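The block underneath contains the structure these notes are about, expressed in structure tokens.
The values are calculated or read from the model by the stated rules, or taken from the named source; none is laboratory data. Remember, predicted model here, so these are calculated numbers, not experimental data. FYI the Cβ positions are ideal-geometry reconstructions off the backbone, even for glycines, and counts take in every protein chain you see. Heavy atoms of the whole protein, side chains included, go into the accessibility calculation; ligands, DNA and RNA do not. Shrake-Rupley method; radii C 1.70, N 1.55, O 1.52, S 1.80 Å.
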Amino acid sequence: MNTLSELKQQAIYTKDKVVAVAGAADEQVLAAVKQAVDETMCSFHLFGCASEIASIAEVISLDLTSESIAITHTEAPAAAAVKDVHNRKADILMKGNIPTKNVLKAVLDKTNGLRGSKVLSHVALFEIPNQDRLIFLTDAAMNIAPGLEEKVEIIKNAVRVAHGVGISDPKTAVLAAVEEINPAMQATLDAAALAQMQKRAQISGCTIDGPLAFDNAVSAEAAAQKGIKSDVAGNADILVVPSIEAGNVLYKSFMYFSGAQAAAIISGASAPIVLTSRADSSASKLNSLAMALVSEKTFQGV
């Protein structure tokens, strides 16, 4: 799979899945819903103000009488949508026009939430014009300054999604400013530990190397110039950043300097969570929905 269009095509084969949308009264969200329904990707349970949903649907010509759409009027859309997924009436949670903190509070609820592994993390997938493959990036939005234990979970969460989209042994590069281990740079120590943990089967389902500087992770030529011999260097599928600042800058650099297209979900819960920004386009939301649909099968049992 080399493009997000291929990912969306693969999502069509998951048409029996249901997506619960929390706060569905949002034009870009409903535009993505419309396209997904038109392409028979999945069905939707829309939670929020029914009159506002209907008003926006009329503007974008979304047929709310479709058998693929059900609406529930509620003043607590986050709790209602999460409970829908918790009770297996829906398979995926999608954030609409609602604060992220409200969604996460409902997800972490001990009774009706979606608690899964120890850590929730953001997993983005990029189609970058000058690259010959799709590249994952984690974590650019959830964990501020993860320690070694959190990085283990972040990698497991990303690997779960990579397996879902068909990469059976994702090459995982743990990034740092340099490729040498430096006791004064904690990111290099963590990277080396993570690579060793994978070699000892403490982390499975992927091949890890680090520390790797960004150029060595994505450019075979740069890795060769520095004499780095590795199954990961120059050919990484997953880029693991040392902090949220590094991830956020890299994410936005891909988008604004490279003209990349992106999909992103939250992994680590018992179901995929499409938690895009309110400013994201309907195309970006649809890409993210497709990734959630395709990878949902690997979340079972989390």
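Brief remarks on what is shown
- Relative to the Cα centre, the charge distribution of the range 121-258, modelled as +1 at Lys and Arg Cβ and -1 at Asp and Glu Cβ, gives a dipole magnitude of about 200 debye.
- Aspartates and glutamates with Cα under 19 Å of Lys110, excluding same-chain neighbours fewer than 8 positions away: Asp84, Asp91
- Applying both filters, DSSP loop and at most 13 other Cβ atoms within 10 Å, to the GluC sites (Glu not before Pro) of the range 174-240 gives Glu180.
- Expressed to the nearest 5 percent, the antiparallel share of DSSP beta bridges inside the chain is 30 percent.
- Per-residue ellipticity at 222 nm, computed for the chain from helices alone with -39500 (n - 2.57) per DSSP H run of at least four residues, works out to -12000 deg cm²/dmol.
- Legend: distances between Cα atoms for Lys118/Lys252; Lys15/Lys252; Lys151/Lys229; Lys34/Lys171; Lys89/Lys199; pairs beyond 30 Å are Lys15/Lys252; Lys34/Lys171; Lys89/Lys199.
- Taking the charge dipole of the chain about its Cα centre, with +1 at Lys and Arg Cβ atoms and -1 at Asp and Glu Cβ atoms, the residue from Pro242, Ala262, Ala31 reaching farthest to the positive side is Pro242.
- Longest exposed-site-free window of the chain, the sites being trypsin sites (Lys or Arg not before Pro) in a DSSP loop that have at most 11 other C-beta atoms within 10 Å: 111-199
- Loop-located GluC sites (Glu not before Pro) in the range 67-149, at most 10 other Cβ atoms within 10 Å (DSSP): Glu67, Glu75
- Probing with 1.4 Å while keeping every protein chain in the model, the per residue accessible area of the range 121-258 equals 44 Å².
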